[in-house]
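S.K.: Take a look at the following structure, please.
The values are calculated or read from the model by the stated rules, or taken from the named source; none is laboratory data. This one's a predicted model, so the numbers in the text were calculated from it and none came from an experiment. Ideal geometry is used to build each Cβ from the backbone, glycine not excepted, and the neighbour counts take in all protein chains shown. Just the protein is used for accessible areas: all its heavy atoms, side chains included, with ligands, DNA and RNA removed. Shrake-Rupley method; radii C 1.70, N 1.55, O 1.52, S 1.80 Å.
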Amino acid sequence: VWYRDAGSYYEFICVFVDDLLIASKRNEDVHDDIKRLFTVKGGEFPSYYLGADLERVENPNTGKEILTMSCKTYLKNVIPRIEKKMQEVTGDAKLSRTKILSPMHDSYQPENETEMELDSDGKSWFGSLIGMGNWTVQLCRIDVAFATNLLASFRNNPSKSHLKAMGRVFGYLKNHSAASIKFNVDVPDFSKCEFIEGDWKKEYGDMKEEIPRFAIKVKGRPVVLSCFVDASLARDPIYRRSSGGTIHFMNSTPVHWKFGKQGTVETSVYGAEFTALRKAVEETIALRLFLRSIGVAIDGPTIIFGDNLSVLKSAAIPEVVLKKKHLSISYHFTRQAVASGIIKLVHVSSAFNVADVLTKPLPGYVMDKLMRPLLYFDKDAQSIFEFVFRGDQEKV
């Protein structure tokens, strides 16, 4: 990433191999500057960039134009090729003969499906499917992140069951190709949130968030950051390791999402959730550092939503004492982030925690409920936060 001071804002040029993406209020002038030094083509709006469709569409709920990013064209190109190859490998010419409502069946456990190993051609094809699936996740498809990344862990020794499960992922994508991320710059209203807070001066004094030396002068309007975090205890049936997931937002737009198995075996939901919260805080700090390194102003702490009230109270209230000493690093690391004003914690009902899609396979109706406000134009919710706040009000 290259940047240049343009007065009231910064101009950016993002480089990926031989592709350039210019972000400026005067894109044509910047493009002309580059043409004087290099032989380049293009210069128009990047409607298709690295497999992503970028479109300005009308929001049917507001009538306003909004920028979206999807992978419709990418899926349109790869799905016929996948169906042709799947017919050769499995004998089934179609990815989906009926509508698939979720990328992975909620009772499926790939760890137990290791028999009937694939031949070398099948293994190579499975690896290709994983690569294509991971690219859709990188572009915008948060809904298939859990299934794709879980199956990727069997990339070296996949079974026929794993190949079939990966076929289901693309069958789901074929049925739900219209999903997209909306670049929604509206600032969420967190004023009604019930923050879990305490007085930290006795423990940490007047502690402040450290601003890195490499941070450049901020320009433009500040952004509000938030994050949803969740965990699933002992989801791995073999080694009993838990899984955790996070989705980070800038204003009302998802900008980073991650699923992963935890490195330790936790014996309680409390332990799994606290470990996931610590990972969320680490990612939060990294994101805040990155934004400051490119001159983006951040408005206040990052708001982290979690559904385990005991963990949130342990992290946010000084008087709560940790009883599980093996979690002491996660405990103190998270509390320090609260005390220094990096994060604020809010409890959200499990039924409205969107990070749940990154921790385990979900039934189709649950997947649709959580992903519709995020990846589609939902007439009942303008943003994922409106969906979450309405859900908490209904709960009360």
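S.K.: Would you kindly derive the ³J(HN,Hα) couplings of segment 211-220 from the backbone phi angles with the Karplus curve 6.51 cos²θ - 1.76 cosθ + 1.60 (θ = phi - 60°), listing them in order in whole Hz, with x for Gly and Pro?
M.R.: Each residue of segment 211-220 in turn: 8, x, 5, 7, 5, 9, 4, 7, 9, x Hz.
S.K.: Quick query: amide H of His256 versus all other amide H atoms, modeled in the peptide plane; which residues come in under 5 Å with a sequence gap of 5 or more or a different chain?
M.R.: His248
S.K.: Quick check on segment 159-290: take the gyration tensor over C-alpha atoms, sort the square-rooted eigenvalues as a ≥ b ≥ c, and tell me if it's rounded (a/c under 1.5), prolate or oblate. Let's see the in-between values first.
M.R.: Values: a/c = 2.27, a/b = 1.35, b/c = 1.68.
Verdict is oblate for segment 159-290.
S.K.: Would you please state the base-10 log of I(q)/I(0) at q = 0.14, 0.19 1/Å for segment 321-396, with intensities from the Debye formula using one equal scatterer on every alpha carbon?
M.R.: -0.65, -0.90
S.K.: For segment 230-348, compute the number of Lys pairs whose alpha carbons are separated by less than 14 Å, excluding pairs fewer than 8 positions apart on the same chain.
M.R.: 4
S.K.: Could you tell me the largest-minus-smallest coordinate of the C-alpha atoms of segment 97-228 on each of the three principal axes, in descending order and whole angstroms?
M.R.: For segment 97-228, the Cα extents along the three principal axes come out at 61, 35, 34 Å.
S.K.: With springs only between Cα atoms under 10 Å, which of Ala147, Ala23, Ala381 fluctuates most in a Gaussian network model of the chain?
M.R.: Most flexible of the set in this elastic network: Ala23.
S.K.: Quick check: Cα centre of segment 226-254 to Cα centre of segment 1-38, how many Å?
M.R.: Cα centroid of segment 226-254 versus Cα centroid of segment 1-38: 36 Å apart.
S.K.: Give me the tail of P(r) for segment 251-396 as a percent: Cα-Cα pairs with distance above 20 Å.
M.R.: Percent of Cα pairs beyond 20 Å in segment 251-396: 54.
S.K.: Just report the Cα centroid separation between segment 47-94 and segment 131-180, whole Å.
M.R.: Using only Cα atoms to place each centre, the spacing works out to 14 Å.
S.K.: Same structure, new question: Under the rule of at least 5 residues apart or a separate chain, name every residue whose amide H is placed under 5 Å from the amide H of Arg235.
M.R.: Ser242, Ser243
S.K.: Evaluate the charge dipole of segment 233-282 about its Cα centre and quote only its size in Debye, nearest 20, assuming +1 on the Cβ of each Lys and Arg and -1 on the Cβ of each Asp and Glu.
M.R.: Working: 7 positive and 4 negative charges, 25 e Å.
In debye, rounded to 20, segment 233-282 gives about 120.
S.K.: Got a sec to turn the phi values of segment 363-368 into Karplus ³J(HN,Hα) couplings, 6.51 cos²θ - 1.76 cosθ + 1.60 with θ = phi - 60°, whole Hz, x for Gly and Pro?
M.R.: Rounded to whole hertz, the list is x, x, 5, 6, 4, 5.
S.K.: Probe radius 1.4 Å, ligands and nucleic acids ignored: give me the carbon and sulfur share of the accessible area of the chain as a rounded percent.
M.R.: 52
S.K.: Lysines near Lys76 by alpha-carbon distance under 18 Å, same-chain residues fewer than 8 away left out - which ones?
M.R.: Lys84, Lys85, Lys94, Lys99, Lys174
S.K.: Between Asp5 and His332, take the C-beta separation as r, use R0 = 30 Å, and let me know the FRET efficiency to the nearest 0.05. Walk me through the numbers before you get to the answer.
M.R.: Working: r = 39 Å, r/R0 = 1.32.
Efficiency computed from Cβ-Cβ geometry: 0.15.
S.K.: Oh, and also: Which value at 222 nm does the chain reach when only helices count, each DSSP H run of 4 or more adding -39,500 (n - 2.57), with the total divided by all residues and rounded to the nearest 500 deg cm²/dmol?
M.R.: One gets -11500 deg cm²/dmol as the mean residue ellipticity at 222 nm.
S.K.: Please say if segment 79-168 is rounded, prolate or oblate, where rounded means a/c under 1.5 for a ≥ b ≥ c the square roots of the C-alpha gyration tensor eigenvalues, and otherwise the choice is prolate for a/b larger than b/c and oblate otherwise?
M.R.: rounded
S.K.: Let me ask something additional. Counting Lys and Arg as +1 and Asp and Glu as -1, each charge on the Cβ, what is the dipole of segment 347-396 about the Cα centre in debye, to the nearest 20?
M.R.: 100
S.K.: Same structure, new question: Please turn the phi angles of segment 9-24 into ³J(HN,Hα) values with the Karplus equation 6.51 cos²θ - 1.76 cosθ + 1.60 (θ = phi - 60°), one per residue in order, whole Hz, x for glycine and proline.
M.R.: Running phi through 6.51 cos²θ - 1.76 cosθ + 1.60 with θ = phi - 60° gives 7, 10, 9, 10, 10, 9, 10, 10, 6, 10, 9, 10, 10, 9, 10, 7 Hz.
S.K.: When a/c reaches 1.5 or more, the comparison of a/b and b/c decides; with that in mind, is segment 291-357 rounded, prolate or oblate per its Cα gyration tensor?
M.R.: Working: a/c = 2.18, a/b = 1.27, b/c = 1.72.
Taking the square roots of the gyration eigenvalues as a ≥ b ≥ c, segment 291-357 is oblate.
S.K.: What is the gain in length, in nm to one decimal, between Leu21 and Val187 on full extension, counting 0.36 nm per residue of separation less the C-alpha to C-alpha distance?
M.R.: Numbers: separation 166, 0.36 × 166 = 59.76 nm, distance 2.58 nm.
Gain in length upon complete extension: 57.2 nm.
S.K.: Among (i) -0.30, -0.69, -1.19; (ii) -0.27, -0.61, -1.06; (iii) -0.22, -0.50, -0.89, which one is log10 I(q)/I(0) by the Debye sum over Cα atoms at q = 0.06, 0.09, 0.12 Å⁻¹ computed from these coordinates?
M.R.: Entry (ii).
S.K.: Sequence neighbours fewer than 8 away in the same chain don't count; with that in mind, list the aspartates and glutamates whose C-alpha is under 19 Å from Lys369.
M.R.: Here the aspartates and glutamates satisfying the reach criterion relative to Lys369 are Asp106, Asp143, Asp230, Asp307, Asp356, Asp378, Asp380, Glu386, Asp392, Glu394.
S.K.: Separate question: Accessible area, 1.4 Å probe, largest first: how do Cys14, Cys227, Cys193 sort?
M.R.: Largest accessible area first, the list is Cys14, Cys193, Cys227.
S.K.: Still on this structure: Using the heavy atoms of the protein chains alone and a 1.4 angstrom probe, what is the accessible area of segment 1-77 per residue in square angstrom?
M.R.: 72
S.K.: Hey, another quick one. Beyond 17 Å, what share of the Cα-Cα pairs of segment 184-237 remains, rounded to the nearest whole percent? Walk me through the numbers on the way to the answer.
M.R.: Numbers: 1015 of 1431 pairs.
For segment 184-237, the fraction of Cα-Cα distances above 17 Å is 71 percent.
S.K.: For segment 54-203, give the magnitude of the charge dipole about the Cα centre (Cβ charges: +1 Lys/Arg, -1 Asp/Glu; no others), in debye to the nearest 20. Don't jump to the answer; show the numbers that get you there.
M.R.: Working: 21 positive and 20 negative charges, 138 e Å.
Dipole about the Cα centre, nearest 20: 660 debye.
S.K.: What whole-number value in Å² describes the accessible area per residue of segment 306-396 for a 1.4 Å probe?
M.R.: Values: 3950 Å² over 91 residues.
So segment 306-396 comes to 43 Å² accessible per residue, rounded to a whole number.
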